[in-house]
Amino acid sequence: MNGRVDRLKVIEQAERYVRAGKIREAILEYEKLLEDDPSDVGINNIVGDLYVRLGQTDRAIRSFEKVAAEYEKRSQYSQALAILKKICRLNPEKPEYFVRMADLFARQGYGAEAKQEYLRLAEKYLRAKKVEEAIELYEKIVKLDKDDLNIRMQLAALYKLDGRTEKAVTELLEAAQMKLSVGQIDEAEKLLKETIKLNPENIRANLKLAQVLRLKGQAEKAMEIASKMLERDPNNIEGLTFLGNVYYEEGKSAAAKEIFSNILNFFPLNVNARYRLGRLYLAEGEVDRAYEYLEPLVDSYVKKRKEDKAIGLLGLILTVRKDHLPSMEKIAAILRENKDLARLEAIDRAILAELKRIGEKGRMLSYYAELIRLKPNDEQLSREYRELKKELMISEDQEPIYDTWAPSREEEDEIQAGLAQADVYIQEGLARLARRVLEGLLLKYPNDSLIKQKLDYIDNLKSPVNENELIKKVEKATAIETQVLRVTRERPGEKEGKKKPDSSLEDQIFSEDKISPVDIFTDTGIIPIISSDGREKKFYDLQENIQAELTMLSTVYLRQKKGVTTQFEKELTSIVTDFKKGIKEKIPEEDYQIHLQLGLAFMEQNLLNEAIDEFNLAVKDKNLTLECLTLISHCYRLKANLEEAERWLNRAIKLVAPGTDQYFALMFDLGLIYEQAKDYEKALSVYREIQSWNPSYRSVSEKINRLSHLSGTSNNPVN
C-alpha cells in the first residue's frame, strides 16, 4: 500500500462492505491493514466486533485479546479493562479472563472491585474442587488486603487442605498476631494452639503462645514453654529476649542477668539486654556496673543527636547515686557540646562539690576555669579558684593542668575512626603502623586522653608476633566475625519484650532502631561482609605494605579534603593509580578473595570507583557473586547514583530465593534506595512486603508510618 491514501481507501471499501452486510469481505479488507500494523488497536477492535456479528466468538476473542494486550503494554489500563469486560461477556466460562480483569482492577487501585472478583472466582474454583487455583486467588486477596482476618483464616484452611502445612502455619501466625493487636487474647490463643497442632516444633508459634500466656497472667507456664524452645535453639534472640523480660518482670534478677548476659555475647549492643542489665545492677546498688552497660546506649543516643534521651539514661544512675562522678561528667560533656550553658553551669557545680568531697583538687581546676568563663562576675568562684591555684602552687596566669576540651562530632568521628584503625593494626601485630596513625592524631588533638592511653599501651606491647602467629590471629578474628554475622543474618529481626506501661523512658528506648554488631562498623564507613566461601584462603606477604599504603591514602585524602596539603604530597588520584599498579603486579587477577578484600579497603577510604573495579573482578567467583553485587550497589548508593544502585541490587535479588531471610534483607536495601530517591510509593510497597513477613524487622513498621505521613497515604500496618 502507499501510505495514508491506500489506508483510507481500504477503510472506505471496508465500510461499504459493512453497510452492504458483507461482513466477511469487510474483515478481509481490515486484515490488509493489520498486515502492516498487527498491533493497531482500533482496527483489531473493529475486526473483533465484526466477528461477533458473524457469531465467530473464538476469532472475536483473539482480536480483542490483541487489543487488551496492547493497551496493557501502553499502561492504558482503563481501556484494557473495558476490552476484557467485553471478552468476559462473550465467554463467561473461561475464568482466566476474569482473573486478568481483577488484576487490572487491583493495578488501578480498585481494591474492593478486585477483591470481589477474586472471591467470586475462588468460590467457583472450590465448587469445581480446584483447590490450587483457589489458593492462588486467596493469595492475591491477602496481598491486596493484609488486614482481612477472615481471608487469612480461609487461606490457612486451604493450605491445610492442600497439604501445605508450613504455609498454613504462617497464615495462622499472622492471624493470631492480628487478634493480639486488637486485644482479642483468647482468640489469639486458640489460633496459636491450632498452629502448634499443625507443627509442634515451630519455635515462633510456641514463643507467641508463651507471650499470650504471659498476658493472661500465666507467667510460669509461659517461662516453661520459652525454656523448652531455647533447648532446641539456645541462641534464639526472640526466645532469649522474651524469657529474660519475663524473669525481669517477675523479679528473678539472677536468672534475668544470666539471660541478658548471654544475649550480649552474641549481640554486644542489644538495646533491651543492656538496658535491662543496667536497671538490674542499679536495683542492686552496683552503680558502676550499671554505668558500664548503659554507657554504649548513651553514646548511641548522642551520635543520633538524641541528647535528652542520653541524659535521661544517665539520670537513672543519678537517681540511685546522685554523686556518681562518671555520669555527671558524661552529662557535662553532652551539655558542653550542645552549648546548653545554663544546665552546664549546674552540673559543673555538682561535679566540683563531688571532687571537693573526694579530695581531687587537681581535677577541680578545669571546672573552676569553665565556671568562671560562664559566670565571669561571680566573685566567690573567682576567689575559690585563686585559693585553689595558690594551694596547688600554680601561678595566677598559668593555665589549668586539666582542660574541659571536648571534640566536636566531626572531630570525635575522626578520632574514633583512627583509634579503630589502630586497634586493627595492633590486633594484627602491626604496632609500627598503629603508632603512625596515633601520632598523627595526637599532633592534631594533643588534649585527647584516649589517644595518649593507646600510645602508652603500644609502648608496653611485647615484641611483634611471627608470620605463623599472625596468620592464626587473623584466622581467629575472622572466625569470630563470621560467627557474629551469621547469627545476625539468621535472625534479622529482634523482637521486643513487653514494655512496662509506667516507664516512659523504657518505651522510648525500646522504640529505637535495634543496634546489631554490624552497626559498630557503620559509623566508620566500613562494611564487614564475611565470605561464605569455605575454600582455603591464601596469605600474601603484602599485608603490611598494603595496609601502610592505605593508611597513607586515608591521611592524604582527609588532608586534601580539608585543603591541608604539602608540596611533597602528590595528588590523591596519582597515588591511587600508583598503588593499584603495584597491586596488579603482585596479585593474580583470578585471586578473587584478595580483590574482594581490596575493594572493601578502597570502600573504607571512600575510593568508590576503585572499590567498584575490584568488586567487578571478584564477582567472577560464583561463591562471591551475591556479595559483590550487593557491595557494588552500595558503592553506587554512596555515590548517589541511585539508578545504578537499584540495577545492581536487582541483579543480586534475582540470585536468592523469594521469601528467605536473605531475600528480605536485600529487599530492605532496595527500599532504602527508593527512600533515598524520594520515591516513597515504591519504598512503601517494599517495606509493606517486608512487614507482612516480619513486622519488627529493622524497625520497618516505623519506616512505614513515617513514609506514609510524608507521602500522604493511609497506613494500615501489620502488627
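The values are calculated or read from the model by the stated rules, or taken from the named source; none is laboratory data. Keep in mind that this is a model prediction, so the values were computed, not measured. Cβ sites come from the backbone with ideal geometry, for glycine too, and all protein chains shown count toward neighbours.
Annotation note: of Leu638, Leu655, Leu617, Leu629, the sole residue that is closer than 26 Å to Glu675 by Cα and either buried (at least 16 other Cβ atoms within 10 Å of the Cβ) or without any contact (Cβ under 8 Å) to a residue 24 or more places away in the chain (or both) is Leu629. Pairs linking a residue in the range 374-393 that is within 19 Å of Ala346 (Cβ to Cβ) to a residue that is in a loop (DSSP other than H, G, I, E, B), with Cβ atoms under 8 Å and 6 or more positions apart or on different chains, are Leu381/Lys375.
Condition test on Tyr71, is it within 47 Å of the chain's Cα centre (by Cα), among the aromatic types (Phe, Trp, Tyr) and at pLDDT below 85? So Tyr71 fails the test. Screening Asn245, Asn338, Asn265 for residues that are of a type in the set (S, T, N, Q), closer than 30 Å to Glu224 by Cβ and in contact (Cβ under 8 Å) with a residue 12 or more places away in the chain leaves exactly one candidate, Asn245. Meeting the requirement of 1 or more residues that are of a type in the set (D, E, K, R) and at positive phi, no helices (runs of 4 or more DSSP H) wholly within the range 84-176 can be named.
For the range 343-370, a residue qualifies if it is within 18 Å of Ala310 (Cβ to Cβ) and not charged (D, E, K, R), and the qualifying residues are Leu344, Ala346, Ile347, Ala350, Ile351. Could you look through the range 678-719, keep only residues that are at pLDDT 80 or above and among the β-branched types (Val, Ile, Thr), and pick out the one that is surrounded by the fewest Cβ atoms within 10 Å (Cβ to Cβ)? Within the range 678-719, the match that is surrounded by the fewest Cβ atoms within 10 Å (Cβ to Cβ) is Val686.
Do the conditions hold for Tyr77, that is, is it in contact with a helix residue (DSSP H, G or I) (Cβ under 8 Å, 6 or more places away or on another chain) and modelled with pLDDT of 85 or more? It is false that Tyr77 is in contact with a helix residue (DSSP H, G or I) (Cβ under 8 Å, 6 or more places away or on another chain) and modelled with pLDDT of 85 or more. Just one of the listed residues (Glu238, Glu258) is within 21 Å of Leu191 (Cα to Cα), of a type in the set (D, E, K, R) and part of a helix (DSSP H, G or I), namely Glu238.
The set of residues in the range 177-187 being part of a helix (DSSP H, G or I), of a type outside the set (S, T, N, Q) and over 16 Å from Leu213 (Cβ atoms) consists of Met178 alone. Scanning the range 657-683 for residues that are closer than 24 Å to Asn641 by Cβ and over 14 Å from the mean Cα position of the chain (by Cα) yields Ala677, Lys678, Asp679, Tyr680, Glu681, Lys682.
Within the range 269-285, does at least one residue satisfy the condition of being in a helix (DSSP H, G or I), surrounded by fewer than 22 Cβ atoms within 10 Å (Cβ to Cβ) and acidic (Asp, Glu)? No; the residues of the range 269-285 include none that is in a helix (DSSP H, G or I), surrounded by fewer than 22 Cβ atoms within 10 Å (Cβ to Cβ) and acidic (Asp, Glu). For the range 365-398, a residue qualifies if it is surrounded by fewer than 16 Cβ atoms within 10 Å (Cβ to Cβ) and either aromatic (Phe, Trp, Tyr) or assigned to a helix (DSSP H, G or I) (or both), and the qualifying residues are Ile372, Arg373, Leu374, Glu379, Gln380, Ser382, Arg383, Arg386, Glu387, Lys390, Glu391.
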